[in-house]
1. Taking GluC sites (Glu not before Pro) as exposed when DSSP calls them loop (any state but H, G, I, E, B) and at most 16 other Cβ atoms lie within 10 Å, what is the longest stretch of the chain free of them, the sites themselves excluded?
2. What's the angle, to the nearest 10 degrees (0 to 90), between helix 3-15's Cα axis and the longest principal axis of the chain?
3. Might you report the magnitude of the Cβ-based charge dipole of region 17-113 about its Cα centre, with Lys and Arg at +1 and Asp and Glu at -1, to the nearest 20 debye?
4. Show the residues, 5+ positions off or on another chain, whose built amide H is closer than 5 Å to the amide H of residue 338.
5. Project the alpha carbons of region 297-338 onto their principal axes and report the range along each, largest first, in whole Å.
6. Residue farthest toward the positive end of the dipole of region 3-87, with Cβ of Lys/Arg at +1 and Asp/Glu at -1: which of 76, 42, 15?
7. Per the Debye formula with a single identical scatterer at each Cα and no solvent contribution, what log10 I(q)/I(0) holds for region 3-87 at q = 0.13, 0.20 Å⁻¹?
8. For the chain, find the longest principal axis of its Cα atoms and tell me its angle to the long axis of helix 49-88, 0 to 90°, nearest 10.
Amino acid sequence: MDPEATLEEARPRIAACEDTAALKEAERDYVGKKGAISAMLAEIPKLDPADRKAHGQKANALKQAILELVQARQAALDARDLDAARRADDFDPTLPPPVAQRGSLHPITQVTRELEDLFVSMGYEVLDGPEVELDHYNFEALNITKDHPARDSQDTFYCDETGTLVLRTHTSPVQVRAMEGRTPPFRVIAPGRVFRQETTDASHDHTFYQMEGLVVGKDVSVAHLIGAMKTLLRGIFGRDLDVRLRPGHFPFVEPGFELDARCPFCDDGCSVCKKTTWIELLPCGLVHPNVLRAGGVDPEEWSGFAFGLGLSRLVMLRHNIDDVRHLLDGDVRFLEQF
Ligand code: PHE
């Protein structure tokens, strides 16, 4: 048998194999026990001893060559099958690989968590309250009488016909719930979502976020309030800012204030402070005796201060956001920036 001729015969046959089974069969025909190469090796004893070595070497070289052809063909078949499988799967190997989409915390969540950490470090407890609230906690217990304009249906979403249940219009109801559940002295904050029936525009939304603060103790005064607010400002803006109090009216505090801070963005007037160098930070005041009483706290023995920080507004200030509605409209192009 002529090894060269065998190789030339094997080459097209192997190349023509269309699946692994055909390839195995071809392989067997050449290198198997009953194959051509075995036959060549079987001839050796019959040969002239001088020719045996060369004959054996040729047989082995042929075997090697055929095995290489088989391997190469098998690799080609595998590649073809994989390709077909991918196509059947709609797998497009030219597409860029999927990149894990990394989410981020909403800017309101970020500022809420930062402030929670800050107040917890000052010994405050973080409280939660119901968003669907009883009229009693949202108004009555806060010294907001039946005829107070804040109760106007313009501002309040009522949840039932009797008007017992409302969507809370502020986080202040948590003040009374906090007093009911603890004995003074205590300090709490209550961040959360609040609702007002309002025509929406760039600075008003029907849903926004506040953080209530309440401290009740012995001889708690306006000085304590100012001290706490200065610490709050340091936490938010990273440095000390002067504050000033203007009178503000809220039925549940007496006296009540609007607390302004020196504009953290300029020295001599900018668009954020509307050229006044002051920014309105938050309403606050000393807890009205009627509210302490409603919460089961004796106003003769205890006093307290409360503040209501507008978290939505704070986030807008911090990130220079010009429309409050961006915060809740769920647009990923907005959210991706945080
Ligand atoms: N709850 C008031 C509001 O939403 C703010 C406030 C809180 C005022 C605490 C004084 C004390 O407008």
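1. Details: sites that count: 18, 131, 161, 198, 300, 301, 336.
Counting only loop sites that pass the neighbour cut-off, the longest clear stretch is 19-130.
2. Helix 3-15 sits at roughly 30 degrees to that axis.
3. Working: 15 positive and 15 negative charges, 88 e Å.
Using only the charged Cβ atoms, the result is roughly 420 debye.
4. The list, which skips near neighbours in sequence, is empty: none.
5. Taking max minus min along each principal axis of the Cα atoms, region 297-338 gives 54, 17, 16 Å.
6. Working it through, the farthest residue towards the positive pole turns out to be 42.
7. Ignoring solvent entirely, the Cα scatterers give -0.47, -0.87.
8. Orientation of helix 49-88: about 30 degrees from the principal axis.
The values are calculated or read from the model by the stated rules, or taken from the named source; none is laboratory data. Bear in mind that the values here come from a model prediction, so they are computed numbers and not experimental data. Using ideal geometry, Cβ is built from the backbone for each residue, glycine included, and neighbour counts are taken over all protein chains shown. Heads up: the accessible areas ignore ligands, DNA and RNA and are worked out on the full protein's heavy atoms, side chains in. Shrake-Rupley method; radii C 1.70, N 1.55, O 1.52, S 1.80 Å.
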